[in-house]
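Engineer: The structure is given below, and queries will be raised subsequently.
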Amino acid sequence: MQNSYRQLIKQHWSIVIIFVLTPILLCAVLPILPTHDDWAGTTKPDFNPFFIKEHFFFYGYHWRPFDTWIGYIVGRNPQTLWPTFNHVLVVIGHLFCSLAVYRLLTMLDFKQSAKNISTLCFFLSPATMATVSAIDSQNQVYALTCGIIAFLLYCKLKKGKYIVWISLVFLATLFKENGLMWAWICPILAYGFGLIETKTLKRDLLVGTAIMAAYALAILLLPKDITIHPEYVPEEFKIVKNVVKFFFTSFITVDYIYLLHQPSRNLLLAAISFLLTAPFLYFVFLRNIKKFSNKKMVCTFVCLLIAVAPHLGTVFSMMHTYAGLAMIAVFMAFSISRVDHLKPVAFAFVLWIIAAILIDIHLIDASVKSGLVGKNMAKDAIQKTGEPVDSVYVIIIEDDYPKLSSFCVIPNEAFGWGLAAQYETNYQWPEVIEDTTIERSADAFRIAKELGLETLNKQQHDCVWIVDHEHIDVIKR
């Protein structure tokens, strides 16, 4: 019996390590508090008794019913459940997704060593941290998980194949819109690895297109009030910029904060992190690059582009890299499976793991600090206000502090434009928060104060909070 357990651990060592690391990862991200989009999304506490009518079917430019359910659940007890419940969902989802990636690589018949290395890379990659450390990213995690499961069952089932495939693609899409891309990814990836024939590929691409058309029709028929955010309008320059960002975050492992965030920039440490990871990335992606010029890898590359296409054409941040990482794992497993001498790769892999863990710790720590900035600002605003008020007008002096994804957040966004104060009072007060932003200038504070006094004189609000970077001034009647 012991020998069988040892053999099992030896064969699937990456899964064992992932199960060991998952609770550690969860404990690391639990202190991360809401910032930026967390205050604006539907996974924040929702106290609306008609939330199903107003949010469940369609909200703004999204149809993500599972997000609204999470908002309703955490709204029952915000101080206890939010954002802890969200973090638990994300980390457990990342665990499930890693297991799905391992099963995907098994389905595609890669060597055991390649499957283990690639799966652990997926789990620990700094490219996943913008998703794993975020509060509202469970949609990204579960959309990918459902997409991979859809592919596995698409390839495995004979009876009921299409019903299961279509159902899982729709389920992935209800988590996040990019899940719909698996309507095309499944047949293309299966064809690339010889799991279906050309005739089946053509037929199933038509089925996949029909799935997309059905989703589009459902969007048109559902009750909605569509709001198109300016950032979601495709532009040529933005698409090119997004493509560069995607390939940088997907294929290069480096400490993004030390490299890209100007106030935190430390090029020496950034270079060290890159030098530690570069040998492994060289062995996997650059050495004998001609090996990728075959049907399997061409189809995988097409699937990679399809997976991230919705983000490349609209908004792309580090969080959105997650959508394509399963295909990156396929590239990695394919390359490692063709290595004759594994020892150099194994040594480079160990260096990569050390660097990746150190980068992950740094990214998570930065996220924790960003959240604490918002919390401290909320406490400061509450203390200076003194007593509960019903209505607050927040005047934000434009901040030129550089931002980096959800790791390094602009203070007023960490403050949630005032919404963090509601959270600190357990949503007891203020009941109403309105905000405006004024241009930064030498006279900005004077202008903000005059605007605040004018608002109070008109009795439009009970109190005014002027936000200048992390500093808050309070004006009361």
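The values are calculated or read from the model by the stated rules, or taken from the named source; none is laboratory data. No experiment lies behind these values; they were computed from the predicted model shown. Every residue, glycine as well, gets a Cβ built from its backbone with ideal geometry; the counts of neighbours run over all protein chains shown. The area values use the complete protein model at the heavy-atom level, side chains included, leaving out ligands, DNA and RNA. Shrake-Rupley method; radii C 1.70, N 1.55, O 1.52, S 1.80 Å.
Engineer: Consider only pairs whose beta carbons are under 8 Å apart and that are at least six residues apart or on different chains; among these, list those whose first residue lies in segment 374-390 and is under 25 Å from VAL409 (Cα atoms) and whose second residue is among the polar types (S, T, N, Q) and buried (at least 18 other Cβ atoms within 10 Å of the Cβ).
Structural biologist: Sorted first by the residue in segment 374-390, then by its partner, the pairs are GLY374/THR35.
Engineer: Just name the residue that is nearest to the chain's Cα centre (by Cα) out of those in segment 411-447 that are aliphatic (A, V, I, L, M) and surrounded by fewer than 22 Cβ atoms within 10 Å (Cβ to Cβ). Talk me through it step by step, then tell me what you get.
Structural biologist: Filtering segment 411-447 for residues aliphatic (A, V, I, L, M) gives 414, 419-421, 432-433, 438, 442, 444, 447.
Filter once more, keeping what is surrounded by fewer than 22 Cβ atoms within 10 Å (Cβ to Cβ): 419, 432-433, 438, 442, 444, 447.
Working: LEU419: 22, VAL432: 29, ILE433: 27, ILE438: 30, ALA442: 38, ALA444: 35, ILE447: 38 Å.
By that ranking, first place goes to LEU419.
Engineer: Give segment 376-408 a look and list any residue that's under 22 Å from THR436 (Cβ atoms) and open to solvent by 10 Å² or more (accessible area, probe 1.4 Å), or say none.
Structural biologist: Within segment 376-408, ASP380, ILE382, LYS384, VAL389, ASP390, SER391, TYR393, GLU398, ASP399, ASP400, TYR401, LYS403 qualify.
Engineer: Separate question: Could you please find all residues in segment 422-456 being part of a helix (DSSP H, G or I), free of Cβ contacts under 8 Å to residues at least 24 places away in the same chain and more than 16 Å from ASP390 (Cα to Cα)?
Structural biologist: Of everything in segment 422-456, those that are part of a helix (DSSP H, G or I), free of Cβ contacts under 8 Å to residues at least 24 places away in the same chain and more than 16 Å from ASP390 (Cα to Cα) turn out to be ARG446, ILE447, GLU450, LEU453, GLU454.
Engineer: So, one more: Select, from LEU99, LEU153, the only residue that is modelled with pLDDT of 95 or more, open to solvent by 40 Å² or more (accessible area, probe 1.4 Å) and in contact with a Phe, Trp or Tyr (Cβ under 7 Å, 6 or more places away or on another chain).
Structural biologist: Only one candidate qualifies: LEU153.
Engineer: Specify the residue that is farthest from PHE331 (Cα to Cα); the eligible residues are those in segment 256-266 that are open to solvent by 50 Å² or more (accessible area, probe 1.4 Å) and assigned to a helix (DSSP H, G or I).
Structural biologist: Initial filter on segment 256-266 (open to solvent by 50 Å² or more (accessible area, probe 1.4 Å)): 258-260, 262-263, 265-266.
If we keep only those that are assigned to a helix (DSSP H, G or I) as well, we get 258-260, 262-263.
Working: TYR258: 27, LEU259: 26, LEU260: 27, GLN262: 33, PRO263: 35 Å.
Going through the qualifying residues, I end up with PRO263.
Engineer: Here's another thing I want to ask about it. Can you name every one of the helices (runs of 4 or more DSSP H) wholly within segment 267-359 that holds 1 or more residues which are under 22 Å from the mean Cα position of the chain (by Cα)?
Structural biologist: Values: elements: 267-281, 295-312, 325-337.
The helices (runs of 4 or more DSSP H) meeting that bar are 295-312, 325-337.
Engineer: Which condition number in (1) part of a helix (DSSP H, G or I); (2) small (Gly, Ala, Ser); (3) without any contact (Cβ under 8 Å) to a residue 40 or more places away in the chain is the one that GLY418 fails?
Structural biologist: Going through the list (1) part of a helix (DSSP H, G or I); (2) small (Gly, Ala, Ser); (3) without any contact (Cβ under 8 Å) to a residue 40 or more places away in the chain, GLY418 breaks only (3).
Engineer: So which residues in segment 222-238 are farther than 26 Å from LEU363 by Cβ and at pLDDT 70 or above?
Structural biologist: Within segment 222-238, LEU222, GLU236, PHE237 qualify.
Engineer: Go through segment 163-193 and count every residue that is touching a residue at least 60 places away in the same chain (Cβ under 8 Å) and over 18 Å from HIS311 (Cβ atoms).
Structural biologist: Adding up the residues that qualify gives 5.
Engineer: Can you name the residue in segment 165-211 that is open to solvent by 20 Å² or more (accessible area, probe 1.4 Å) and of a type in the set (D, E, K, R) and is also nearest to PHE331 (Cα to Cα) among such residues?
Structural biologist: Step one: filter segment 165-211 for residues open to solvent by 20 Å² or more (accessible area, probe 1.4 Å), giving 166-168, 170-171, 174-175, 177, 181, 184, 188, 191, 193-203, 205-207, 209-210.
Adding the requirement that they be of a type in the set (D, E, K, R) leaves 177, 197, 199, 202-203.
On the way: GLU177: 24, GLU197: 22, LYS199: 26, LYS202: 24, ARG203: 26 Å.
Ranking the qualifying residues of segment 165-211, first place goes to GLU197.
Engineer: For VAL141, indicate whether it is among the aliphatic types (A, V, I, L, M), assigned to a helix (DSSP H, G or I) and in contact with a Phe, Trp or Tyr (Cβ under 6 Å, 6 or more places away or on another chain).
Structural biologist: no
Engineer: Given the criterion without any contact (Cβ under 8 Å) to a residue 60 or more places away in the chain and touching an Asp or Glu at 6+ places or on another chain (Cβ under 8 Å), identify the matching residue among LEU269, LEU259.
Structural biologist: Numbers: LEU259 fails: touching an Asp or Glu at 6+ places or on another chain (Cβ under 8 Å).
Answer to the selection: LEU269.
Engineer: Next up: Of all residues in segment 128-150 being open to solvent by 20 Å² or more (accessible area, probe 1.4 Å) and within 21 Å of SER317 (Cα to Cα), which is modelled with the lowest pLDDT? Spell out how you get there, then give the answer.
Structural biologist: Of the residues in segment 128-150, the ones open to solvent by 20 Å² or more (accessible area, probe 1.4 Å) are 136, 142, 149.
Adding the requirement that they be within 21 Å of SER317 (Cα to Cα) leaves 136, 142.
Numbers: ASP136: 91, TYR142: 98.
Looking at residues that are open to solvent by 20 Å² or more (accessible area, probe 1.4 Å) and within 21 Å of SER317 (Cα to Cα), I get ASP136.
Engineer: Quick check: anything in segment 294-313 open to solvent by 20 Å² or more (accessible area, probe 1.4 Å), charged (D, E, K, R) and either under 17 Å from ASN116 (Cβ atoms) or modelled with pLDDT under 95 (or both)?
Structural biologist: No, because not a single residue in segment 294-313 is open to solvent by 20 Å² or more (accessible area, probe 1.4 Å), charged (D, E, K, R) and either under 17 Å from ASN116 (Cβ atoms) or modelled with pLDDT under 95 (or both).
Engineer: Looking at LYS156, LYS161, LYS176, which one is over 20 Å from VAL302 (Cβ atoms) and touching a strand residue (DSSP E or B) at 6+ places or on another chain (Cβ under 9 Å)?
Structural biologist: Values: LYS156 fails: touching a strand residue (DSSP E or B) at 6+ places or on another chain (Cβ under 9 Å); LYS161 fails: touching a strand residue (DSSP E or B) at 6+ places or on another chain (Cβ under 9 Å).
Residue meeting the stated conditions: LYS176.
Engineer: Would you check which residues across segment 153-184 are part of a helix (DSSP H, G or I), under 17 Å from ARG203 (Cβ atoms) and among the aliphatic types (A, V, I, L, M) and list them? Working first, answer last.
Structural biologist: First, pick out the residues of segment 153-184 that are part of a helix (DSSP H, G or I): 153-156, 161-175, 177-184.
Subsequent filtering for residues that are under 17 Å from ARG203 (Cβ atoms) retains 154-155, 161-166, 169, 182-184.
Of everything in segment 153-184, those that are part of a helix (DSSP H, G or I), under 17 Å from ARG203 (Cβ atoms) and among the aliphatic types (A, V, I, L, M) turn out to be ILE163, VAL164, ILE166, VAL169, ALA183.
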